[in-house]
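One structure below.
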Amino acid sequence: MEVKKCTIPSFSVIGKEGSSKDGENFIKKLWDDANSHSEEVAALAANDDNGNLLGIWGLMSDFSRNFKPWENFSEGLYLAGVQVGHEMDAPVNWTKWTVPTFEYLYAKVEGDYQKTFSYILNYMESNNYKLAGAVFDYNCPEENGQLYLFFPINRLDEK
């Protein structure tokens with residue numbers, strides 16, 4: 001598995017927000033809700049120069065909404081949504097998060113999500129990287145929704 005490094009400038013996502021306190025399968029339920037109402041935010045979605053969506057994100061944050069890692073990697077908030085311009089407002093029943101600029105380690109999920117997650121955590125430990133924020137899921141529209149995991153290692157701007 002190849003782990004790469006990048007910096008992503010601050011970006012915004014409008015999506016459906018939920019909490020680990022919402023019970024089992026809450027993330028799947030958020031995605032089902034977001035996908036079944038995607039027409040409500042389709043016109044707000046950010047596109048690249050070719051008109052393709054910039055990204056579909058599963059963002060995580062601690063309960064303070066400061067993008068810190070989930071408590072024990074099991075308790076926190078999740079936002080299932082689409083990348084939008086900073087100037088966009090969330091429609092009723094949607095939530096907008098603006099992610100600060102981070103430097104990330106990332107890798108393509110090939111097969112098992114948890115295996116990829118654990119592999120990157122082990123890679124970070126072996127290479128003296130520390131987690132600086134919550135891990136994000138990224139579905140790449142240009143690659144037919146290929147899933148990537150982004151692990152923040154350095155916060156480059158303050159909220």
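Please treat every number below as a calculation from the coordinates, not as lab data. None of these values were measured; they are calculated from a predicted model. Using ideal geometry, Cβ is built from the backbone for each residue, glycine included, and neighbour counts are taken over all protein chains shown.
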Check: Quick one: which of 4/115; 16/130; 21/130; 68/96; 4/29; 21/68 span more than 22 angstrom between C-alpha atoms?
Finding: 16/130; 21/130; 4/29
Item checked: Whole-Å distance, taken between Cα centres, linking the range 1-54 and the range 103-159 -> 15
Check: Residue separation times 0.36 nm, minus the C-alpha to C-alpha distance between residue 33 and residue 10: what's the value?
Finding: 5.7 nm
Next item on the list: Taking only Cα atoms and a 10 Å spring cutoff, compute GNM fluctuations for the chain and point out the largest among 145, 55, 111.
Entry: 111
Item checked: the range 4-155, Rg to Rh (Cα coordinates; Rh as Kirkwood inverse mean 1/r) -> 0.94
Next item on the list: For the chain, set up a Gaussian network in which alpha carbons nearer than 10 Å are linked by springs, and say which option among 121, 59, 147 fluctuates the most.
Entry: 121
Notebook entry, point to check: Put a dot 7 Å past each Cα toward the Cβ at residue 50 and residue 22; how far apart are the dots in nm?
Noted result: 3.3
Check: Under a plain spin-label model, where a point goes 7 Å from the Cα along Cα-to-Cβ, how far apart in nm are residue 98 and residue 71?
Finding: 2.8
